[in-house]
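Take this structure, written in structure tokens, and hold onto it; I'll ask about it next.
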Amino acid sequence: AAGMFLRLLSDVQWRAAHPKWRRMTSSQRSTSTTAEPHPVSLPAQAQVVICGGGIMGTSVAYHLSKMGWKDIVLLEQGRLAAGTTRFCAGIVSTARPVSIELKMAHYSNKLYQQLEQETGVQTGYMKTGSISLAQTQDRLISLKRIASSLNVMGIPCEIISPKKVVQLHPLINIHDLVGAMYVPEDALVSSANVSLALATAASRNGVQIHERTSVSHVTVQKGRVTGVETDRGRIQCEYFVNCAGQWAYELGHSGEEPVHIPLHACEHFYLLTHPLQEPLSSSLPTVVDPDGRIYIRNWQGGILSGGFEKNPKPLFTEGRNQLEIQNLQEDWDHFGPLLSALLRRMPGLEALQIMQLVNCPESFTPDMRCIMGESPTARGYFVLAGMNSAGISYAGGAGKYLAEWMVNGYPSENVWPLDLKRFGTLQSSRTFLRHRVMEVMPLMCDLKVPRWDFQTGRQLRTSPLYDRLDAQGARWMEKHGFERVKYFVPPGKDLLDLDHSKTFYKPDWFDIVGSEVKCCKEAVCVIDMSSFTKFEISSTGDQALESLQYLFSNDLDVPVGHVVHTGMLNEKGGYENDCSIARLSKRSFFMISPTDQQVHCWAWLKNRLPDDSNLIMEDVTWKYTALNLIGPRAVDVLSELSYAPMTAEHFPSLFCKEMSVGYANGIRVMSITHTGEPGFVLYIPIEYALHVYNEVMNMGQKYGIRNAGYYALRSLRIEKFFAFWGQDLDAFTTPMECGREFQVKLEKGMQFLGQEALLEQKQNGVYKRFTMFILEDHDTDMDLWPWWGEPIFRNGRYVGKTTSSAYSYTLERHVCLGFVHHFDEKTGEELVVTTDFINQGEYEIDIAGQRFQAKAKLYPFSSLFTQRRRKDEMELSGYQRE
Amino acid sequence: FYLTPPQVNSILKANEYSFKVPEFDGKNVSSVLGFDSNQLPANAPIEDRRSAATCLQTRGMLLGVFDGHAGCACAQAVSERLFYYIAVSLLPHETLLEIENAVESGRALLPILQWHKHPNDYFSKEASKLYFNSLRTYWQELIDLNSGETTDVREALINAFKRLDNDISLEAQVGDPNSFLNYLVLRVAFSGATACVAHVDGIDLHIANTGDSRAMLGVQEEDGSWSALNLSYDHNAQNEHEVERVKMEHPKSEEKSLVKQDRLLGLLMPFRAFGDVKFKWSIELQKRVIESGPDQLNENEYTKFIPPNYHTPPYLTAEPEVIHHKLRPQDKFLVLATDGLWETMHRQDVARIVGEYLTGVHHQQPIAVGGYKVTLGQMHGLLTERRARISSVFEDQNAATHLIRHAVGNNEFGTVDHERLSKMLSLPEELARMYRDDITIIVVQFNSHVIGAY
């Protein structure tokens, strides 16, 4: 069967290929089992070795060679485009909920469209359009949200009625539909042929391609890639790119220094039929019916239809070899429910004759987003894999971004959501991956509402207080494997169960979080914030201070006991991290960063700190439990527990001191709360955690203390206009663009990373500005709630997107945070954004196609919060990302 | 009068119980995956009992079925007490000492057994103190006897059976000042019960059987078919060896009167049983106990009746026959059942029905389109039909229920006939016993992966 599919899906004119390449491969293309000699020996060295001749590997090779890198070797263990790529359904769809994925798909589509002309290789590109169907109102809302983002990117897209659906595709049964989304420029390709076209172009640009060559492992010395070992000998190289698809995990683990690439394969089934009596037109749009869990495209006069079942079959958990892929069985009983969905959607197909049920494994990742970037432990080791069955849609864009990353040091877009460094070793257990991908694969079709959480692979990292909090009604979410409290359900109160609480409207926890917020404002609350990443950096001399002064934009040469909010910026002045650093002593610093910075920040600093055995950096995340005491009475609770005065005169804001709390000594107390409310964070050695928590709760009783969760924290920080890294801030945002000039010391007497870029911005102005929006005519009870990613309109014109939003219980309004750009009305060119430009506009926020008036503000409402605030308490930092 | 399928199901499922051995991260390291059990009454009230428990101080799991006669009192007592006697017999000397010391000093006892009980499986509260004292005397004796040798399972089982029967007999002779308890211990002793008990520890399976309940192993042959392997011998008139044994134990003069109409002394079907002191005590003892006993006992014709040709008691023993079997990967399940099942079904059929039930879908051949011309509609129809077939197999979530459904409802073609099932289950109480006996079944499923790894 495999041989047949090579012929069916990749109909390539081999003679047209590059002569040099043809020499390396024989003419016996259509039979994949014949052993052939390797006429061309491997080079002894190359700049780049790419492992994997699928769509990803060829795309990386194509883009690298286009950018001028020539010394590239691509190795494929079998034949080009013979793995998942060959079996791929070939649907290029731009309707993606995550912005960066949408951009990748858009670029891919444009690339494939001209690829045949560029290379002379037929790609089967056909612009058919796609229709995504909605069987429920909630589904329609999620489609409308996607439509809004496509439209502002200039990608044609419309929400259509069921009647219109029939006009576009006469076979569709529309009785159970409430609407649909039509994307006319979506396309179909033969993915194997696209891959071969990319390979052809790369080969012409000098890339050497060797088939039937297996990489056994990658060698790393002093944290840098030095070469690869293959079954045909060794190649020395500076860069290695792991595009091994579902074998990427194995390959990553094969070396001495493992590179953790968390992905896992699941079986994926689709059906091929013979042509209809009156063959289907090849221009008929592709149909996606997420509520039925299926997709349907025209294929050689018949159809190709597959789906994402509720009960996926993970495979290769123990790791297998490539050959097994060709022996995978059809499983009709497993496909049954999808077949039912297909015949329900297109009843007219009953008499259509089956050709085959194809079993094509796909790899999935723990968060449904693909994996790209450089290994945190081995420089020069790049990865592009884990496409969650959208490989053909992403390949072009993903290959481009990775090539840019390798050549320029950074890609041209913010790819943090896809960065390998968002994961660590903790996501690479086989058991975890197996369990998680069984949840991820059905999620491809499930409705994704605001604030959904994964249910599998949970309770991995927990605070010592976990059981205590859980017993008090905590509801949990997970971040980087760490369980964090969302909110506390009061005793006797029942919330809807998981399925019923899925909503785009006002959620059932609204009042619960409201009362937690109220308690933070009026009394005192405790939030367990142990998940934050905590590093200690110390040295024997001044090395620590000197290095950090260069790596951070604020001035860290402050008196001992002071806390500094600062960005960790890149050369362009963009935020690689946003953190709080306490100076514990002349020569040691305590650094607090967002939870998901654990791997990224470590790698960033490790790669830039001088190689000096007297300069020590330690990850102490696991050593401390962090309790955040928020509220006006926090000071009373703490002073009673420590017999120490905690008032502003004795313990000013942004201060850090080790003190005793209850019986426990050595508690690191900092006067920050990450919310702008008064209070303290206690960093407690974990063995004291339960004791201190109990003491705080007992003592706090008379001050009305209660537990609170991250939802309350989020509401507080957003109404105070605090940006969070990973949500609002990224590597493409500078302090100047988000009103944080005061956290940058441009004149601290020495150079720091990003300084030049910031000076230039200071001189020339910024091209986007972080802005706060208060929704005016939005009915909290009745209207759709904002989430993030909503388009912002100024005077009716698109100017940017929101990055986070929350209901402010103080303002009794929704607050959205986002970036405003200034596009030239005629040319679309980006112009400088001035304060006047922001202030002199009428704004609207588009939530799933409905626009709400919004008031823009560049500074937080100070008057509303003056009650108990001290003037110097302008802390503008925080670390949460939902 | 006709029962609808849901009504039939609610009757069949009223007593079903399932236990799955807990897993750690998807892995079960025990040789037992779990068990299903169920019982269907014919007597009112039912005279069968069942028990299942995990030994906590030693390894292994205990499962047993008990078929009572002349009332349910004896079967009830045995179902409550026997596993404690077995567990205690298996305990090492130090643990016994520890337990005794705990009792002595009023500290909390180590738990000995973790029971797996259906809510209908009750323990009598009133007698617990009495039962406990007898058990304590037993372990005190074991402590005094400390042989220093490791406990052999076979011996432990035999000792436990004999000791419990002895205690039942003694308690009835001694009596109790509390009149309720006094009557209870007498009813226990004058009624009887058979017992078929399995002890599973890793690949070591011991079956201790007393009476005519039966243990049977379901074995899957290499070709996938199912066969039955008996792990117990019925103690009744059909068993030549058993008849021989009884004859050996009594003088030649009684040879003719010992077994009449396939019954012991012409009265009792099982040749071994707990209780039944009428077949164990001397005539004098029986008379003394009955006369000094409560009126209810005195007025009961059955208890007062002395079996004919009663010269050299005891005629009956509770000593079990123990069979040891080393589990193999092809041994997929064990069925313990009272004679109510075996009267209606051949063991070969039992093996097949349970085997096919447990493997279920796995045994359905996968569909391959191959070179055939199949349309989407045809395939859809085929798949729907296959799903329906599977779901009818899984109408029962419990292998024991599934077996009862077949035992009661099978027609001549070996398939369940709903009409027949409905009739059998709607028989009035007084008629039911004429068409069927109480049925009690435990199906233990083994973990072939673990067993194969031994």
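The values are calculated or read from the model by the stated rules, or taken from the named source; none is laboratory data. Everything quoted here is computed from the prediction, not taken from an experiment. Because the Cβ atoms are built from the backbone with ideal geometry, glycine has one as well, and the counts that use them run over all protein chains shown. Ligands, DNA and RNA are stripped out before the accessible areas are found, and what is left, the full protein with its side chains, is counted by its heavy atoms. Shrake-Rupley method; radii C 1.70, N 1.55, O 1.52, S 1.80 Å.
For region A:547-668, place one equal point scatterer on every Cα, skip the solvent, and apply the Debye formula. What is log10 of I(q)/I(0) at q = 0.10 Å⁻¹?
These q points yield log10 I(q)/I(0) values of -0.37.
Here is a further query. Below 12 angstrom from the Cβ of B:LEU217, what's the summed charge of the other residues (Lys, Arg +1; Asp, Glu -1)?
Counting the neighbours of B:LEU217, the net charge comes to +4.
Also: I'd like the interface area for chains B and A: accessible area of each alone minus the complex, both sides summed, 1.4 Å probe, protein heavy atoms only. What is it in Å² to the nearest 100?
1500 Å²
Let me ask something else. Roughly how many debye, to the nearest 20, is the charge dipole of chain B about its Cα centre, given +1 on each Lys and Arg Cβ, -1 on each Asp and Glu Cβ, and no other charges?
For this selection, approximately 760 debye.
Mind checking A:352-358 for the average number of partner chain beta-carbons within 10 Å of each residue's beta-carbon?
Other-chain Cβ atoms within 10 Å of each residue's Cβ, averaged: 4.
While we're here: Can you give the charge dipole size of region A:700-778 about its Cα centre, rounded to the nearest 20 debye, using +1 on the beta carbon of Lys and Arg and -1 on the beta carbon of Asp and Glu?
Once rounded to the nearest 20, the dipole reads 500 debye.
Output needed: percent of Cα pairs per 10 Å distance bin for region A:483-558, bins running from 0 to the one holding the longest distance.
Each 10 Å bin holds this share of Cα pairs: 13, 28, 20, 16, 17, 6.
Peptide A:335-343: average number of partner chain Cβ atoms within 10 Å per residue?
3
Enter the mean projected area of the convex hull around the alpha-carbon atoms of the protein assembly as shown, in nm², rounded to one decimal.
61.7 nm²
Could you tell me which of A:GLN459, A:PRO417, A:TRP69 has its Cα farthest along the dipole of chain A towards the positive end, charges placed at Cβ (Lys, Arg +1; Asp, Glu -1), taken about the Cα centre?
A:TRP69
Filter the DSSP H helices in chain A by two things, a Kyte-Doolittle mean of at least -0.5 and an axial alpha-carbon span of 15 angstrom or more, and list the hits by number.
Membrane-span-like by this criterion, though nothing is claimed about a membrane: A:55-66, A:137-152, A:191-204, A:332-345, A:391-408, A:430-443, A:510-522, A:689-700.
Convert each backbone phi in region A:83-88 into a coupling constant with the Karplus relation 6.51 cos²θ - 1.76 cosθ + 1.60 (shift: θ = phi - 60°), then list the ³J(HN,Hα) values in order as whole Hz, x for Gly and Pro.
After applying 6.51 cos²θ - 1.76 cosθ + 1.60, I find x, 4, 3, 5, 8, 4 Hz.
Using a probe of 1.4 angstrom, how much of the accessible area of the protein assembly as shown is carbon and sulfur, in percent?
The value for the protein assembly as shown is 50 percent carbon and sulfur by accessible area.
Take the Cα pairs of region A:600-709, get the Kirkwood Rh, then feed it into Stokes-Einstein at 4 °C and 1.567 mPa s and tell me D in µm²/s.
It comes out at roughly 85 µm²/s.
Sticking with this one: Rounded to the nearest 20 debye, what is the charge dipole size of the protein assembly as shown about its Cα centre when +1 sits on each Lys and Arg Cβ and -1 on each Asp and Glu Cβ?
3320 debye
Tell me the net charge near A:GLU790. Cut-off is 12 Å between Cβ atoms, A:GLU790 excluded, with +1 for each Lys or Arg and -1 for each Asp or Glu.
+2
May I ask you to list the lysines whose Cα is less than 19 Å away from that of A:LYS855, ignoring any residue fewer than eight positions away on the same chain?
Output for A:LYS855: A:LYS720, A:LYS768, A:LYS801.
Sort A:82-91, A:635-644, B:121-130 by the packing proxy (mean of other Cβ within 10 Å over each peptide's residues), most packed first.
Listed from highest to lowest mean packing, they are A:82-91, A:635-644, B:121-130.
Relative to the compact globular guide of 2.2 N^0.38 Å, what is the alpha carbon radius of gyration of region B:229-368, as a ratio?
Here the answer is 1.49, to two decimals.
Next question. What per residue convex hull volume, in Å³, do the alpha-carbon atoms of region A:45-364 yield?
Value for region A:45-364: 142 Å³ per residue.
Also, quick follow-up: How would you classify region A:341-476 from its alpha-carbon gyration tensor, with a ≥ b ≥ c the square roots of the eigenvalues: rounded for a/c under 1.5, else prolate if a/b is greater than b/c, otherwise oblate?
oblate
Rounded, prolate or oblate: which fits region A:751-810 when a ≥ b ≥ c are the square roots of the eigenvalues of the alpha-carbon gyration tensor, with rounded for a/c under 1.5 and prolate only if a/b beats b/c?
Prolate.
Go ahead and run the numbers for FRET between B:GLU240 and B:ALA108, Cβ-Cβ distance against an R0 of 41 Å, rounding to 0.05.
Efficiency for this residue pair is about 0.20.
Something else: Using a ≥ b ≥ c from the Cα gyration tensor of region B:1-139 (square roots of the eigenvalues), is it rounded, prolate or oblate, where a/c under 1.5 gives rounded and otherwise the larger of a/b and b/c decides, a/b for prolate?
It is oblate, given that a/c is not under 1.5 and a/b is not larger than b/c.
For the cross-link pairs A:LYS421/A:LYS486; A:LYS421/A:LYS506; A:LYS479/A:LYS606; A:LYS745/A:LYS857; A:LYS421/A:LYS448; A:LYS110/A:LYS826, which exceed 30 Å when the distance is taken from alpha carbon to alpha carbon?
Too far apart for the 30 Å limit: A:LYS421/A:LYS506.
While we're on this one: Putting +1 on Lys and Arg Cβ atoms and -1 on Asp and Glu Cβ atoms, find which of A:VAL288, A:VAL165, A:GLN329 reaches farthest to the positive end of the dipole of region A:45-364.
A:VAL165
Oh, and also: What accessible area per residue comes out for the protein assembly as shown, rounded to a whole number of Å², with a 1.4 Å probe?
40 Å²
Moving to a separate point now. At 24 Å minimum axial length over the Cα atoms and a Kyte-Doolittle cut of 0.0, report the qualifying DSSP H helices in chain B, or say none.
Passing helices, by number: B:73-90.
When Rg is the radius of gyration of the Cα atoms in chain B and Rh is its Kirkwood radius, what does Rg/Rh come to?
Taking Rh as the inverse mean 1/r over Cα pairs, Rg/Rh reads 1.01.
Ranked from highest to lowest mean number of other Cβ atoms within 10 Å per residue, what is the order of the peptides A:647-657, A:147-157, A:257-267?
Packing proxy ranking, top to bottom: A:257-267, A:147-157, A:647-657.
Suppose only helical runs count, i.e. DSSP H with n ≥ 4. What mean residue ellipticity at 222 nm does that imply for chain A under -39500 (n - 2.57) per run, divided by all residues and rounded to the nearest 500 deg cm²/dmol?
The helix contribution divided over chain A gives -7500 deg cm²/dmol.
Okay, moving on. Are there any GluC sites (Glu not before Pro) in region B:409-454 that are in a DSSP loop and have at most 10 other Cβ atoms within 10 Å? List them by number.
B:GLU412
Label-point separation (nm) for B:ASN411 and B:GLN261, each offset 7 Å from Cα along Cα-to-Cβ?
Roughly 3.6 nm, to one decimal.
Within region A:563-602, list the residues whose amide N lies under 19 Å from a label point set 7 Å along Cα→Cβ of A:ILE616.
Once the point is set 7 Å along Cα→Cβ of A:ILE616, A:582-592, A:602 turn out to lie under 19 Å by backbone N, inside region A:563-602.
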